[in-house]
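One structure is given here, and the rest of the page talks about it.
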Amino acid sequence: MAQHTSTYSKIISPEEYNRIMTNEHLYIALADKSIKDFVEKEVTGKTNPEVIEIGCGPARITPLFLQIPNIHLTAIDYDLDFIDHAKKILKPYDSRVKAINADVSTYVHPRPVDVFYSEGFHHHVQKGEVVNKYLTNVYSQLKNGGAYILGDENLSEYTSSEDRLIKVIVWYAHIISNAKKSGFNYLAQEEAKTLLDDLYENYDDEALKSKEQIDLVLNWVDKIDETSSENVSEATLLAKNFLEILKQKRNLKKIGDTTIDLSRGDFKVSDSVFRKEVQGIGFKVEKVERIGPSKDVGGLYVYLLRK
């Protein structure tokens, strides 16, 4: 989208981001634990292994990984405000971790790396040249046999760019509807905005979110999610109907609220598309753990990528 911003902190405060992602999202805390377990197995028995967290944001999960003995951890993110918040959180661990404001596409670590890991970062990276550049940089700095452990949300498989939009709607309907049912209204609002960003990314560069569109999302997700658990074909038809109504409410005017005007830069893909991205760089997909409802709806995937 034309409204991209490299400062996610202009969209949501670090405190709110850490709270809703860890405590309210349906699957993220489970994925966090899975990533940590993978990392811990990778570094067990190694002396002061070099570990890098990509896209650490406001250190939401960094302290979790500092529970692993003996690791030397570097946490990097391009959002300066989030990094400033991360440094405050990580101050008690100063001797074991360093938070750095950097772009993973160009960051050069002073030593070869045993493990990179990331959670919910990959789908924010622009497809094509940009994603290839970051993956190549990670791959080149890993020791031979090193690992990139990556957690992210994946859509169910799609056959075209138009079909991808439908799969985006079905996945987000599941997340947003469950947030609503749990009384997590702020999370539901944020995920509704993210759904709209994902629908417009690489599809309608001029479109902007509106309050009317956000309300439309919140009014449709329950029915789509309820239907997807019983009949995915029917849920697909509902998603198509929703998309047609959304197109009629296309908006080109900013409303003066950065939490709505700015894009989160989301562009989620399916498992097969992700595998092509990483295997094209040279990574081997050694292990995969899927967390979530079903392959027909989507889920959180945790990958162990081996150099």
> Checking LEU252 against (1) touching a residue at least 60 places away in the same chain (Cβ under 8 Å); (2) in contact with an Asp or Glu (Cβ under 7 Å, 6 or more places away or on another chain); (3) among the hydrophobic types (A, V, I, L, M, F, W, C), which single condition isn't satisfied?
Replying inline: (1)
> Taking segment 22-48 on its own, how many of its residues are of a type in the set (Lys, Arg) and either within 16 Å of ILE89 (Cβ to Cβ) or not in a helix (DSSP H, G or I) (or both)?
Replying inline: 1
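Yes or no, residue by residue, for (1) touching a residue at least 60 places away in the same chain (Cβ under 8 Å); (2) under 28 Å from GLU119 (Cα atoms); (3) under 20 Å from the mean Cα position of the chain (by Cα):
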site: LYS193; (1), (2), (3): yes, yes, yes
site: ASP197; (1), (2), (3): yes, yes, yes
site: GLU201; (1), (2), (3): yes, yes, yes
site: LYS223; (1), (2), (3): no, no, no
site: SER229; (1), (2), (3): yes, yes, no
site: ILE260; (1), (2), (3): yes, yes, yes
site: ASP266; (1), (2), (3): yes, yes, yes
> Has segment 14-37 got at least one residue that is closer than 26 Å to THR258 by Cα, surrounded by 15 or more Cβ atoms within 10 Å (Cβ to Cβ) and hydroxyl-bearing (Ser, Thr, Tyr)?
Replying inline: yes
>> I'd like to verify a number: residues in segment 270-287 that are closer than 21 Å to VAL138 by Cα and either among the small types (Gly, Ala, Ser) or in contact with an Asp or Glu (Cβ under 8 Å, 6 or more places away or on another chain) (or both), how many?
In response: 5
> What strands (runs of 3 or more DSSP E), lying completely within segment 49-167, carry at least 2 residues that are touching a Gly at 6+ places or on another chain (Cβ under 8 Å) and within 30 Å of LEU196 (Cβ to Cβ)?
Replying inline: 72-77, 113-119, 142-154
>> So for segment 119-139 (the condition being of a type in the set (A, V, I, L, M), over 19 Å from the mean Cα position of the chain (by Cα) and crowded, with 21+ Cβ neighbours inside 10 Å), does at least one residue qualify?
In response: no
> Out of all the residues in segment 59-74, is one or more closer than 28 Å to LEU208 by Cα and either surrounded by fewer than 21 Cβ atoms within 10 Å (Cβ to Cβ) or out of contact with any helix residue (DSSP H, G or I) (no Cβ under 9 Å at 6 or more places or on another chain) (or both)?
Replying inline: no
> Of GLN141, GLN126, which residue is of a type outside the set (A, V, I, L, M), modelled with pLDDT under 95 and assigned by TED's automatic domain parsing to the domain that holds MET21?
Replying inline: GLN126
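The values are calculated or read from the model by the stated rules, or taken from the named source; none is laboratory data. Just so you know, these numbers come straight off a predicted model, no measurement behind them. Quick reminder, even Gly has a Cβ in these numbers, built from the backbone with ideal geometry, and neighbours come from all protein chains shown.
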